[in-house]
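The values are calculated or read from the model by the stated rules, or taken from the named source; none is laboratory data. Everything quoted here is computed from the prediction, not taken from an experiment. With ideal geometry, Cβ positions are generated from the backbone for all residues, glycine too; neighbour counts draw on all protein chains shown. Each accessible area value is taken on the protein alone, full model and side chains, heavy atoms only, with ligands, DNA and RNA left out. Shrake-Rupley method; radii C 1.70, N 1.55, O 1.52, S 1.80 Å.
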Amino acid sequence: MIYLILTLGVCAASSAAVLIRLCDAPALVIATYRLGIAACVVLPLAVFRYPGHLRTGSRRDRLILIISGIFIGLHFALWISSLSHTSVASSVLLVTTNPIFIGLGGWLILKEPADARLTIGTVVSLLGASIVTFNDWGQGQHGLFGDLLALAGAMAISGHLLIGRRQRQRLALIPYLAVVNTTGAAVLVLLALAAGHSFTGYNERTYLLFALLALGPQLLGHTSFNYALKRVSPSLVALMLLAEPVGSSALAYLVLGEVPSIALCIGAAVILTGIALATWPRGR
């Protein structure tokens with residue numbers, strides 16, 4: 001059941017890159033609306049249905065939740081900005097290299113033992129991601145700046161997932177999302193204002209795309225990932241996210257006309273093989 005939820009979440013998240021490309025607005029504004037609308041949905045639910053949960057925990061726990069929210073805000077700011085400098089395939093593939101950072105963080109910080117199948121599956125999946133990315137580099141379809149933004153976004157989401165693994169053990173999903181999304185949205189508002197961007201004056205289609213980003217990739221996609229964090233390791237969640245570039249590249253082909261290369265098809269097959277190695281039930 002948990003793999004089905006994660007699969008649906010990955011499918012929803014895969015639409016994000018194409019929806020962002022279609023938005024006629026600055027990256028920080030897109031990120032703010034995406035997380036801000038999601039926060040407006042979950043915050044009232046948390047206040048009225050889980051009033052006591054928001055006041056539980058120590059001051060340290062609340063500070064850690066705020067840090068997790070800062071990480072998710074920075075993730076969207078960095079990754080969405082990268083899409084202005086690189087192709088959908090390159091950006092999404094680089095931002096999903098987070099299993100490397102999560103594996104290191106889980107081992108060094110959370111003291112979680114390394115699972116052999118998960119390690120092998122991660123290595124295989126990252127090999128597939130490398131095949132596609134290397135092909136894009138060779139064709140000159142993106143700049144170094146976009147690559148660095150996407151990699152920095154991968155580090156930020158890794159911090160968010162590592163913190164979420166611990167916090168989701170004590171906090172229900174809705175209160176957790178309320179604090180994290182609201183904090184992340186506040187960070188993005190400050191960044192957008194500092195950059196001199198306006199939150200008004202966009203066309204109706206762009207506002208519709210803002211709503212679709214919040215309802216699909218954010219509320220359905222990222223909520224499923226945070227739901228799973230209570231039941232599986234952040235490394236496994238991150239590994240499942242490696243399937244996102246496959247869906248994003250397919251949508252980019254259908255909607256944006258970005259034709260997938262042979263290398264992309266080979267890399268996608270390797271990525272899915274790695275996921276199967278890591279998630280296939282034991283004894284089968």
Share of pairwise Cα separations in the chain, more than 31 Å, in percent: 23
- prompt: How long are the semi-axes of the ellipsoid equivalent to the range 163-266, from square roots of 5 times the Cα gyration tensor eigenvalues, in whole Å, largest first?
  reply: 27, 25, 12
- request: For the range 143-221, state which trypsin sites (Lys or Arg not before Pro) are in a DSSP loop and have at most 15 other beta carbons lying within 10 Å of their beta carbon.
  value: 170
- request: Quote the accessible area belonging to residue 202 in square angstrom, nearest 10, computed with a 1.4 Å probe and with ligands, DNA and RNA left uncounted.
  value: 50
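Write down the accessible area per residue of the chain in Å², having rolled a 1.4 Å probe over the full set of protein chains.
Accessible surface, normalised per residue, equals 45 Å².
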task: Could you tell me what fraction of 2.2 N^0.38 Å the Cα radius of gyration of the range 64-124 comes to, as a two-decimal ratio?
output: 1.35
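Calculate for the chain the 222 nm mean residue ellipticity that helices alone would give, adding -39,500 (n - 2.57) per DSSP H run of length 4 or more and normalising by residue count, nearest 500 deg cm²/dmol. The partial results should precede the final answer.
Numbers: 14 runs with 204 residues, N = 284.
Mean residue ellipticity at 222 nm (helix-derived): -23500 deg cm²/dmol.
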task: Run the 1.4 Å probe and let me know the accessible area of residue 40, rounded to the nearest 10 Å².
output: 100
field: Under the span-like rule (Cα at least 27 Å along the axis, Kyte-Doolittle mean at least -0.5), DSSP H helices of the chain
entry: 27-49, 59-82, 116-139, 144-167, 173-194
field: Under the Debye formula (equal points on every Cα, no solvent term), log10 I(q)/I(0) of the range 154-202 at q = 0.17, 0.20, 0.24 Å⁻¹
entry: -0.65, -0.78, -0.92
message: Probe radius 1.4 Å, ligands and nucleic acids ignored: give me the carbon and sulfur share of the accessible area of the chain as a rounded percent.
response: 70
task: Would you mind putting 26-37, 179-190, 221-232 in packing order, based on average other-beta-carbon counts within 10 Å, highest first?
output: 26-37, 179-190, 221-232
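Taking the Cα centre of the range 168-284 as origin and charging only Cβ (+1 Lys, Arg; -1 Asp, Glu), how large is the dipole, in debye to the nearest 20?
Working: 7 positive and 3 negative charges, 131 e Å.
For the range 168-284, the charge dipole is close to 620 debye.
Between residue 266 and residue 231, what FRET efficiency follows from the Cβ-Cβ distance if R0 is 30 Å, with the result rounded to 0.05?
According to the calculation, E is roughly 0.40.
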- request: Extending each Cα 7 Å along its Cβ direction at residue 104 and residue 4, get the distance between those two points in nm, one decimal.
  value: 3.8
